[in-house]
1. State all residues of segment 75-88 that are buried (at least 20 other Cβ atoms within 10 Å of the Cβ), touching a residue at least 40 places away in the same chain (Cβ under 8 Å) and over 14 Å from PRO192 (Cα atoms); if no residue qualifies, say none.
2. Mind checking whether some residue in segment 38-51 is surrounded by 13 or more Cβ atoms within 10 Å (Cβ to Cβ) and either among the hydroxyl-bearing types (Ser, Thr, Tyr) or assigned by TED's automatic domain parsing to the domain that holds PRO192 (or both)?
3. Being free of Cβ contacts under 8 Å to residues at least 24 places away in the same chain, β-branched (Val, Ile, Thr) and either assigned by TED's automatic domain parsing to the domain that holds ILE269 or surrounded by fewer than 20 Cβ atoms within 10 Å (Cβ to Cβ) (or both): is that true of VAL71 here?
4. Would you mind finding the one in ILE308, ILE326 that is more than 21 Å from the chain's Cα centre (by Cα), modelled with pLDDT under 90 and either of a type in the set (A, V, I, L, M) or not assigned by TED's automatic domain parsing to the domain that holds GLY169 (or both)?
5. How about segment 180-272: which strands (runs of 3 or more DSSP E) wholly inside it have at least 1 residues that are in contact with a Lys or Arg (Cβ under 9 Å, 6 or more places away or on another chain), at pLDDT 95 or above and crowded, with 19+ Cβ neighbours inside 10 Å?
6. Determine the pairs where a residue that is over 25 Å from VAL292 (Cβ atoms), located within segment 228-251, has a partner that is among the hydroxyl-bearing types (Ser, Thr, Tyr) with Cβ atoms under 8 Å apart, the partner being 6 or more residues away or on another chain.
7. Got a sec? Which helices (runs of 4 or more DSSP H) wholly within segment 80-148 have at least 2 residues that are modelled with pLDDT of 90 or more and aliphatic (A, V, I, L, M)?
Amino acid sequence: MSVPDFLRGCGYGGVGCVALAGDASTRRYWRVVGCGVLVMADSDARSFGDFLRVAGYLAGLGFSVPEIYEVDEGGGLALIEDFGDDTYGRCLDGGGDAGLLYGLAVDVLLALHHHADAPGVDSGVDVGLYDLGVYLDEVDLFSEWFAPQLSDGGFDSDVFRGLWAEVLGGVAEVPETLVLRDFHVDNLMYLPGRVGVAQVGILDFQDAILGACEYDLVSLLQDARRDLGAGLEAEMLARYIAGAPAYLGGAAAIRRRYTLLGAQRHARILGVFVRLAVRDGKAQYLKFLPRVLGQFERALKEAGCDAIADYLDATLPNWRTSGAEIASGASGGE
């Protein structure tokens, strides 16, 4: 079914709609002008179904996710609530209070992890498990896409995977809650007319998985696309630790998982951004490589992943400073 036919069936025939800017996902959006709704189209049937299902879970827990009004499952189309234009990114670029905005986002994660009805391993929520295999498969994206961009000295993806297996085993054994996976400012909306954590609109959650909750904290506070103000990351991490449920094991355990997951996530993102450029023609993501490389280097050091850093130094000797070089080469010099 086409978007115009879908809109007619929903009672919006003849109403104008405007395409919104896309992202790295398979989803596309159109704003139905003046009606407070969007049409969402997803060419990936599994992703579409996951979006609908996880939206229901989060809405049931009281979080602000787009309300779903109409669905054409076969066509991958849904009529959903329009949260407007005030993404966290736009608010921050416009001089918004970073402490307020990030504080609300941290409070959303705390509310999710504290919630008596939050999805967990025994809840029956139908999502996957962030086990060691998934973590290592994500690290393989670095090996498959990022590493080949460099002149190497014998980089071996199996050896690299084995080094990560040694450090990530403990993290993979603590699947505490629902991990939304893309919890960063471009996927969050500021909704000041609502109360408490409902002031944060959550847009991207269809890849949710059960795992260590610090992953979403890393996504928020070590953003691949944006530098945080001085001291803000430490302030927000302390805010999370102060409010964290006891079962997370206290400050030292949280910080340990936070740094390890930061290193793992940055390795994954380096591979994802190069893949987006080389395979999908989305070279705009390459401009973020220098920032992510800096985050990756720092996270490896803070997590004590010396063996991984040493292996990269030996086999990809220019990895620390390769961002601009890769951006030029992988984008065809554009």
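1. Passing the criteria: LEU77, LEU79, ILE80.
2. Yes; the residues of segment 38-51 include at least one that is surrounded by 13 or more Cβ atoms within 10 Å (Cβ to Cβ) and either among the hydroxyl-bearing types (Ser, Thr, Tyr) or assigned by TED's automatic domain parsing to the domain that holds PRO192 (or both).
3. It is true that VAL71 is free of Cβ contacts under 8 Å to residues at least 24 places away in the same chain, β-branched (Val, Ile, Thr) and either assigned by TED's automatic domain parsing to the domain that holds ILE269 or surrounded by fewer than 20 Cβ atoms within 10 Å (Cβ to Cβ) (or both).
4. After applying the criteria, what remains is ILE326.
5. 188-190, 200-202
6. Nothing qualifies.
7. 98-114, 132-141
Residue-by-condition table, conditions (1) closer than 17 Å to GLY96 by Cβ; (2) in contact with a strand residue (DSSP E or B) (Cβ under 9 Å, 6 or more places away or on another chain); (3) of a type in the set (Lys, Arg):
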| site | (1), (2), (3) |
| --- | --- |
| PHE205 | no, yes, no |
| GLY211 | no, yes, no |
| TYR215 | no, yes, no |
| ASP227 | yes, no, no |
| GLY231 | no, no, no |
| LEU248 | no, no, no |
| ARG255 | no, no, yes |
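The values are calculated or read from the model by the stated rules, or taken from the named source; none is laboratory data. Bear in mind that the values here come from a model prediction, so they are computed numbers and not experimental data. Note that each Cβ is placed from the backbone with ideal geometry, even for glycine, and that neighbours are counted across all protein chains shown.
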